[in-house]
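Asker: Have a look at this one.
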Amino acid sequence: MNNFTKRVIFGLLYVLLIVSSSLLGPVYFYTLFFIFLIISLYEFLKLIELKSIYPYILAITAYSIAIISNNNLIVFEDDLFEKLSVSVFLIVIYFTFITALVSSRKIAIQYLGRIFLSLIYIIIPFSLLIKIPFLNFENKFDIYIILGIFVLIWANDVFAFLIGKNFGKHKLIERVSPNKTVEGFLGGFIFTFIFGYIVSKYCLSIQPIQWFTIAIIVSVFGVLGDLVESMFKRQAEIKDSSSLIPGHGGFLDRLDSIIFAIPFIYIYLFLTT
């Protein structure tokens, strides 16, 4: 079996897992993404050479708090000041993170710390991801919004890869990821926007303008997430975060785009729903 066949088969299995867990309900959804969280965290800790149990304790705690809040035991008032406070807090954290990463991996680890890196890069995004289906007035599990977001992520990944591979000539950021091209980025952006329109026709939980905005967030921060993970792998001198998914590498390789985009999608939806 060649690498392309493996990539297609296991890519479809990955999609099937996410779709089926969403359709089966919150318990299956929580369980699947908790498994993804722990494996991705394990792979990331290997990348930054951190041997500690504390990130796993933080992961379990944050994920549990997210589940509890989804079940109405911790509820935010529908208050603009409170929404803005939470959003500003998250924005400050993530732009501090991005600024440090743009400087270099060494500076990021030195000033932010390995445990803090694992918190904001892996743990918080997964904890926010499982809250997104509950960002409605009734606090009920909404499968359409989470599946719509994943459709946009997959559209961006697939078309950026296809267009970059076949038409890419100008490197995006060669020193970080030599395979990423400007043409691939633009192709992914255009097709993600097109899929945003299609999703808005079938997923009516939020307004079309919100889907278009999410498409933009996915296109920009999804690619940025891919570049950030490439930087960590390049510094660690490895090709993939692991070999757990044949044809794809590790779970972190498969989820890097969604991990980086989710905090900004959450902030946007938190303020507009």
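Any read-out appearing in this document is the output of simple, stated calculations on the displayed coordinates, not a laboratory observation. Just so we're clear, the structure is a prediction, and the values are computed from it rather than from any experiment. Using ideal geometry, Cβ is built from the backbone for each residue, glycine included, and neighbour counts are taken over all protein chains shown.
Asker: Please give, to one decimal in nm, the separation of the simple spin-label points placed at Lys140 and Leu24, each 7 Å out from Cα toward the Cβ.
Answerer: Simple spin-label model gives 2.2 nm for this pair.
Asker: Grab the other residues whose beta carbon is less than 12 angstrom from that of Phe150, score K and R as +1, D and E as -1, and report the net.
Answerer: My count for the surroundings of Phe150 gives 0.
Asker: If you take the square roots of the eigenvalues of the alpha-carbon gyration tensor of the range 1-60 and sort them as a ≥ b ≥ c, do you get rounded (a/c under 1.5), prolate (a/b over b/c) or oblate? Spell out each step's value before the answer.
Answerer: Details: a/c = 5.51, a/b = 1.28, b/c = 4.31.
Since a/c reaches 1.5 but b/c is at least a/b, the shape of the range 1-60 is classed as oblate.
Asker: Sticking with this structure for a sec: Could you tally the net charge around Ile115, taking each other residue with its Cβ under 14 Å from the Cβ of Ile115, Lys/Arg +1 and Asp/Glu -1? The partial results should precede the final answer.
Answerer: Details: positive: Lys51, Arg114; negative: Glu49.
Cβ neighbours under 14 Å give a net charge of +1.
Asker: Further question on the same structure: Please give, to one decimal in nm, the separation of the simple spin-label points placed at Ser52 and His170, each 7 Å out from Cα toward the Cβ.
Answerer: About 4.2 nm, to one decimal.
Asker: Beta carbons within 10 angstrom, averaged per residue: use that to sort the peptides 126-134, 253-261, highest first.
Answerer: Values: 126-134: 21.6, 253-261: 24.9.
Put in order of decreasing packing, that is 253-261, 126-134.
Asker: From the Cα gyration tensor of the range 217-273, with a ≥ b ≥ c the square roots of its eigenvalues, which class applies: rounded if a/c is under 1.5, or else prolate if a/b is larger than b/c, or else oblate? Write out the running numbers ahead of the final one.
Answerer: Numbers: a/c = 3.50, a/b = 2.17, b/c = 1.61.
Note, shape of the range 217-273 comes out prolate.
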